[in-house]
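Notes follow once the structure below has been shown.
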Amino acid sequence: MGEMKPQVYTDPRPAEYFDEFHEAARSGSTWVYTLARIVCTVPTLLIYRLKVIGRKNVPRKGGLILAPNHLSQMDHFFAGVYLPRKIRFMGKSQLFGPPVLTAILKHGGVFPVRRGHRDEEAMKTAFTLLDQGEMVLIYAEGGRSRSGELGEPKRGIGRIALESGAPVVPVAIHGSASVRKWKRLRFPRVTIEFGKPLTFAVKKDVGPERQLEVATEIFNEVKDLYAGLVTRSAARSGSRTPDRARA
């Protein structure tokens, strides 16, 4: 898959640096989102032959959490191509910095989370957007898995689900782990499946144990969907011994 840059988990910049991006996110995305979607849709469909399953499971209105696995930086685009609604993304704060990329993120509906910190501002933005009836994508693993296998859930998504009461749609993205092979002109077939929404009774100030329980319940649904996609992919390729779902 080629060498990856070392993972930098903790962002040393002060929380105040990101205030403008949270304010912009709470004000709504602009035409930048639509433009980025138009630019990325054609290559996504033609090159990666993206297939979608279960699109009807995604409610067309109201606050909603999308909870996908995360194996590639292209997952953001795969998740949104077939959905008529705009997605608001929670993204790692390290993405914010380079001028052009930062402008796209700021005006395209992305808000930062400072991993390695207790980032209450990111939580506030997520709750605000859900209250506004937005669809917010939060990676259940808290970040991209660099091993090519599914990682472990982080409790943050459990907290947001519990305190907001917003339905959570588990999402499995299969095939994106091989996207980096484009450098060798090898383009994987990508399939995305949206599961049925999960709902949780609203509970404020729940402990980390309960938050992790809910996050695990959500991610178990993602794992089940992913396992099904692995089996279908193996059957399509004619493999006698399908790879097990990576979990």
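The values are calculated or read from the model by the stated rules, or taken from the named source; none is laboratory data. Please read these numbers as outputs of a predicted model, since none were measured by experiment. When we count neighbours, we look across all protein chains shown, and the Cβ atoms used for this are built from the backbone with ideal geometry, even at glycine. These accessible areas exclude ligands, DNA and RNA; they are computed on the full protein's heavy atoms, side chains included. Shrake-Rupley method; radii C 1.70, N 1.55, O 1.52, S 1.80 Å.
Structural remarks
- Cβ crowding within 10 Å averaged over residues, with 39-49, 168-178 ranked highest first: 168-178, 39-49
- Dmax and Rg, reported as Rg then Dmax, of the chain (C-alpha, Å): 17.4, 55
- Annotation: peptides 195-208, 94-107, ranked by per-residue average of other Cβ atoms within 10 Å with the highest first, follow the order 94-107, 195-208.
- In this structure Ser29 has an accessible area near 30 Å², from a 1.4 Å probe over the protein heavy atoms.
- Inter-label distance for Thr216 and Leu35, nm, one decimal - labels placed 7 Å from Cα along Cα-to-Cβ: 4.6 nm
- Per residue, the accessible area of the stretch 121-173 comes to 30 Å² when a 1.4 Å probe rolls over the protein heavy atoms.
- Note on surface exposure: Asp19, Asp131 rank Asp131, Asp19 by accessible area, highest first, 1.4 Å probe.
- Residue list for the stretch 15-33, given a label point 7 angstrom along the Cα-to-Cβ vector of Asp131 and an amide N cut-off under 16 Å: 22-28
- Cα gyration tensor shape of the stretch 76-155, rounded if a/c is under 1.5, else prolate or oblate by comparing a/b with b/c: rounded
- Directionally averaged projected area (the stretch 5-62, Cα convex hull): 7.5 nm².
- Prolate/oblate/rounded label for the stretch 1-111 (Cα gyration tensor, a/c 1.5): oblate
- Surface share of carbon and sulfur [accessible, 1.4 angstrom probe, percent] for the chain: 55 percent
- Order of exposure, largest accessible area first, which applies to Leu50, Leu35 with probe 1.4 Å: Leu35, Leu50
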